[in-house]
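Here, each number is a calculation from the coordinates, and none is a lab measurement. For clarity, every value in this text was computed on a predicted model and none was experimentally measured. Reconstructed Cβ throughout: ideal geometry from the backbone, glycine too, with neighbour counts over all protein chains shown.
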C-alpha cells in the first residue's frame, strides 16, 4: 500500500521518512548524515549499491537536501546565506574544470504555477555563452553558461528529454544542470526544500508518466538535478493522515482526491521566491567570486 | 469540532452535506429542492427564518448552486448551455427593471491563482456604462453595466467593502453583483460549481477575517453574490477523511496542513475557464438577446 | 500648426522646448531654473499667473522634471540616488504633517505596456493603512499609505476620476499622489524622465479625451502628479522632423501615423524599471528613514 | 542612403514599394501579381534568378503577402475567412504528403510584446505528435505536428537556429514552418499583414544581427517562413517622411530615434490577435477538414 505514497525526495523514502537520518546507519547500501550549515539543515543520503537502490527506490548516487525554512522566518541575510549554501553544495557535486561550459535546463510548464520552478530559475540565470563568444575581452572571466526551457510534452509534442539531448549534442556542454519541480509527502517541505543529486532526473516522473531520463547515460555528460517540492498529492496527504490514525480505509475514499494537489495558499509567490534563490545559487556556483549585487546588475 | 470544517457553500452546511436535498424537508426554517436544468443539476436552499439561519450558518435568502461537471465531459454545447443556465438563474434572483444599471464587483487577488475568479470574470464582462453615456445612439439597447476590481486589503490598504461602497455611492447602480472565489469542503466541486445568492457576501470571509459585508444593508441596493469554490482547506480535507474513518485524532496532526490548500492540478486553466463562463453568463443575464458570438465580438 | 505637437511635459511647451531654461527669464509669468542634484539634471518651471498659463498651456503651479538618463549608463548607485532625489523633490512639493495619511492612485491600463506605469508603481508601494489600523504596535512608525489602481474607462465603464474621488471621500487622506504615463515630444526622454507637479492631473489627457481632473478642487486635498513619458505620438515625431527640415508638408502624410506610437524597443523592461523607481522613491518620501533594503524586505 | 530603410517584406523592397505590382513586370528576374481572394488582397512576388535577388535583396523563391486590413473593419466572418486564406496559401507553398510531420518554430521573445508573434502563434497550435504516438486510435487522423519556442540568444545563450537545427535532427519532420515578427517600412501594415515564403528565414535579421539561417540548406527539409510586421524603425519612418518631402537632411537628426520603434498604440492586443490568426491558419493548413470550433475545443 505504500505505493500510494508519491515523493521525489530521497529523504522521504519509506525507510528514511519520520526517522532521524543518524539512526539509519543500519540500512545496508545507504550512508546518511545530517548537519547544520550556514544556519540551515543539510541532509545527505548516499545510495551506495543495489541494496540501497532497493531501499529508497532511487538510483545510486548522492542526494543532498537543504531545508531552507529559516528563510521564512526572514532571518537577517537568510537569502544570501541560502544562495551561498546552494552554491557550495552544487560545487561539491559538480567538479567542473575552470571555464568548462554548463547547460542549465529549466524543466516544467511555466503556465502551471507549481510546475514553473525550472523556467523561473532559468529567468534568474546569468546566461553568458553568447557573450563569451562575441565579447571575450569583457566576458572572458565568466564560465560559458547556456539556459534552455524545453517546454512540456503537452505543448511541444516532443519530450523534454529529446529536446535537451538534441541541444546538448549541438552545444556540447561539460555538464548539464536540470531544475524541476518535485512532489513531496510532507506539506512542511513545500517551496522551502531543495534536493540536489548527481544522478540526473526523469522529467515529469512525479506525474506518473515514464519519460526519457536525463542522466549521464543519455546525455553523455554529468547531470546534476536540482529539485524543489511544490506539491503534495492530495491522495498522498490523505493516505498519510489515515495511516497516522492507524487504521485501514478503502481506496475509494482516497481516490476522491485524484488530480488534486496540496500547495501553500500563496503558491505563486512561494514558487517565484524559491526559483529566484535557485537561479542565484546556480550563478554563484558557476561564476567565480560574484556577489548578489553583481547578479542583480547583470540580470537587470 | 465541526468548526474545523470550512465551506462557503450553503449546500455543504452540516445538516445538508452528504444528504439528499429532497430528504431535508424536515429541517425547520429551510426549504430545499434539486432539479435538472439544461443538463445540469441545480440545487436551491432557501433559508426562511432564524431557525434556518442557525441550521446552515448563513443569512436568510436563496442560495442556488449549479453543478457544471458536465462541462468537463465536454458535452456538445455545454459551455453555451451553462452560460444560459447561469443567466436564467441570475435573472430569477435579480428582478431588474429594464435598463436599470448594474455594477459588477470582481473580488479577490488577481495575482493569486485560486483567488482570481472575480477579476477574470470582470475581464469577460461587457462594460457599457461609458458607451451608453457617450454613444447612446449605438449603445442605447444595452443595460448600463460597470465593472470594478477592488483589489485586496494587502495591496490597497483599503477593504474591498469600503471601495465598493464608495464607488456605489458615486455610480448609483440599481444592483450590485459581487463575484468571488470560495472555499468548499469537497474536492469534487472545485472550479465546477457556481453558487448564486441574493444575500450579499462578506469578501474574504473564507480566509477567516471578518470584513465589511457587501449586502443591501451596507450598499443600499440589492447585492447578488456569485461564487465559485476553487480550494479546499487542507485541514478541512484532512478532517473529513479522518471523520469518515470514524475515529478521533488529535488536532496537531491536522494543523500540519495550516495554510495549505487543495486545488485541482491544473488550477490556472480551471480558474480561467470557469471565470470566463461567469463573465459570459452575466453578460447574457444583463443584456437582452445577445449570443456568445456577440460577446466574443464585443470583447475582442 | 503647433497644435499637432502633443506633450504632457511643461518643459516641452513651445516657448521652453529646445531652449536653455536659464534663457527663458524674459517670458512673463514663468520662473524657470535648472540645476544638477545627485548627479541628475533637475528643471523647475513655475507657472506664476495667467500669462504663464497661456505660455505653457498648463495650470499655475510647480513642475519639476528629473532627467534620469544617468541610470542608463548604470553608474554606481544610480538607482539609489535617483530614488533619494525623487523622494526629496516629492517632499518639497508635498508638505505633509507627520503621520498624515496619503492615497496613491496608479492611473492607466496595466495591460497596455506603455500605459502601465501607474499600476506597476503601486505594485512597488509600501501600503500600510490596514497594518497601522490592525497592528499599531508594529506599524505605528509608518505613515498610513493606501494604494488604488482605478483601471481605465474602457474596462470599468467609470472614469478614473470618479473612482478616485469616491474612494477619497471614504478614506479621507491628507493628500493624493497620482502616478500616470505621459506623452513626450522627445524620444530621448522616454522612460527616463519624471515630471512632478503640485497641480494635479487629468487622467488620459494625453490621449485626447477630456476627463474629470484630479486636483485639489475636485478631491478637496492637495494632489501631486508624478508622470513618466513612455511614448511619442508618431504624428508628433513626424511633425518635429519635418519642421526641423524647414518646410511645409501637407497634413495627410502626417496622418498616416495616426494611432501609432514611438517607444523604446524594449518598452516592457523600461516601463518595469522606471515604475519600480517611482514606487521606491514614493516609499522613501512617505516613510521616515527607510532604506532600499527595508523596502525590498517589506515588499517581498 | 536607401540602406537606412529597414523592411523584411519583399513587397516593400525599393523597386516594388509605392508601385502597383502590376506595373513591375519590366523588372528582370521578378514575376509579380496581385489578386483579391476571400475579400483580402494577396500579392505574390517571385524572385526568379540573381537579377531578381539583386533587385529585392532577398533569396530566390516565392513571397506571398496577405493584407488583412478587412479584419479591422470587423467584417462578418473576417477571422474565419482570413484563417482559410492563410491555410490555402500555406498549402500552395508547402506540398506535404499526407500525414508527413511538421515542426512549427515560434521565433522571438515572448516577453517583448512586438517580438512575441512566434511564441503566441505556437500557443494556438494544435500539437499532436505525442498524441499520435500514444493514442494512434484517437489521433490517427491528424498530421504529426510539434511546436518549439526556441527563446532568444540573450536569454538562452544559444542561437535559435542552433536549437531548431538540433531538434530538427532529432525529431525529423518533413518540413519546418518558422513564425516570426518582422519589420516593415509602412505603419499601415503593422499587425495586419502576413508574409509567407518558401525561402526560410534568418531569425532576428531585422535587428541587424547576422544569425544562423533557417532554410532547406541548414535544416535539410523545406522551411516555410510566416512573418508579421509589428514595428517600423523610428529611423525608417523618419527617413521616409523626409524623403517624401524631397530634401536631404543630415544623419544626426535621424539617429535621434535609434533604438526607437513605431507600433500601434494597442500593440499588446494587436499582437495577440494576429498571432492567434496565424496559429489557427496553420492548424487549418496542417489538419484536414477541421473547423474553428474543432480548434477551440482542442485548445481549450
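Normalised by 2.2 N^0.38 Å, where N is the number of residues, the C-alpha radius of gyration of chain A stands at 0.99.
Output the antiparallel fraction of DSSP beta bridges having both residues in chain A, as a percent to the nearest 5. Of the beta bridges lying entirely in chain A, close to 60 percent run antiparallel.
Order these by the 10 Å Cβ neighbour count, fewest first: B:24, A:19, C:236.
So the residues, fewest neighbours to most, are A:19, B:24, C:236.
Label-point distances for residue C:172 to the equivalent site in the other copies, using a point 7 angstrom along Cα→C-beta, read 2.5, 7.5, 7.8 nm when ranked shortest first.
Placing dummy labels 7 Å off each Cα toward the beta-carbon, the span from residue C:294 to residue B:289 is 6.3 nm.
Looking at the protein assembly as shown, send over the antiparallel percent of its DSSP beta bridges, to the nearest 5.
Antiparallel bridges: around 60 percent, rounded to the nearest 5.
Does the protein assembly as shown come out rounded, prolate or oblate, given a ≥ b ≥ c as the square roots of the eigenvalues of its C-alpha gyration tensor, rounded meaning a/c under 1.5 and, failing that, prolate meaning a/b above b/c? Judged from the Cα gyration tensor, the protein assembly as shown comes out rounded (a/c under 1.5). Out of every Cα-Cα pair that segment C:19-137 contains, those further apart than 16 angstrom amount to 74 percent. Using only alpha carbons, segment C:1-70 has a radius of gyration to Kirkwood radius ratio (Rg to Rh) of 0.97. Here is how far apart the residue C:299 label points are across copies: 1.4, 3.2, 3.4 nm, shortest first, using a point 7 Å from Cα toward Cβ. Along its first, second and third principal axes, ordered by size, segment D:149-194 spans 41, 28, 13 Å in Cα coordinates. Taking chain B as a Gaussian network of alpha-carbon nodes connected by springs under 10 Å, the highest mean-square fluctuation of the residues B:42, B:223, B:117 belongs to B:42.
Here the calculated FRET efficiency for residue C:259 and residue A:111, from their Cβ-Cβ distance with R0 = 45 Å, stands at 0.90, rounded to the nearest 0.05. Residues considered: D:201, D:27, D:164. Largest GNM mean-square fluctuation over chain D, using C-alpha springs under 10 Å, is found at D:27.
Is it possible to state the helix-based mean residue ellipticity at 222 nm for chain C, with each DSSP H run of 4+ residues giving -39500 (n - 2.57), the sum divided by total residues, to the nearest 500 deg cm²/dmol? What is it?
Result for chain C: -9500 deg cm²/dmol, rounded to the nearest 500.
By the beta-carbon count within 10 Å of each Cβ, the least crowded to most crowded order of C:294, A:25, fewest first, is A:25, C:294.
Of D:43, D:146, how do they rank once you tally other Cβ atoms within 10 Å and put the fewest first? Provide the component values of the computation, followed by the final result.
Details: D:43 20, D:146 26.
Ascending number of Cβ neighbours within 10 Å: D:43, D:146.
Comparing mean-square fluctuations of D:72, D:30, D:212 from a GNM of chain D with C-alpha springs under 10 Å, the top value falls on D:72.
Distances, shortest first, from the label point of residue B:77 to those at the same position in the other copies read 2.3, 6.9, 7.2 nm; the point lies 7 Å along Cα to C-beta.
Based on every Cα atom in segment D:110-231, Rg and the maximum pairwise Cα distance Dmax equal 15.2, 49 Å. The stretch between residue A:46 and residue A:80, if pulled fully straight at 0.36 nm per residue, gains 9.5 nm over its current Cα-Cα span.
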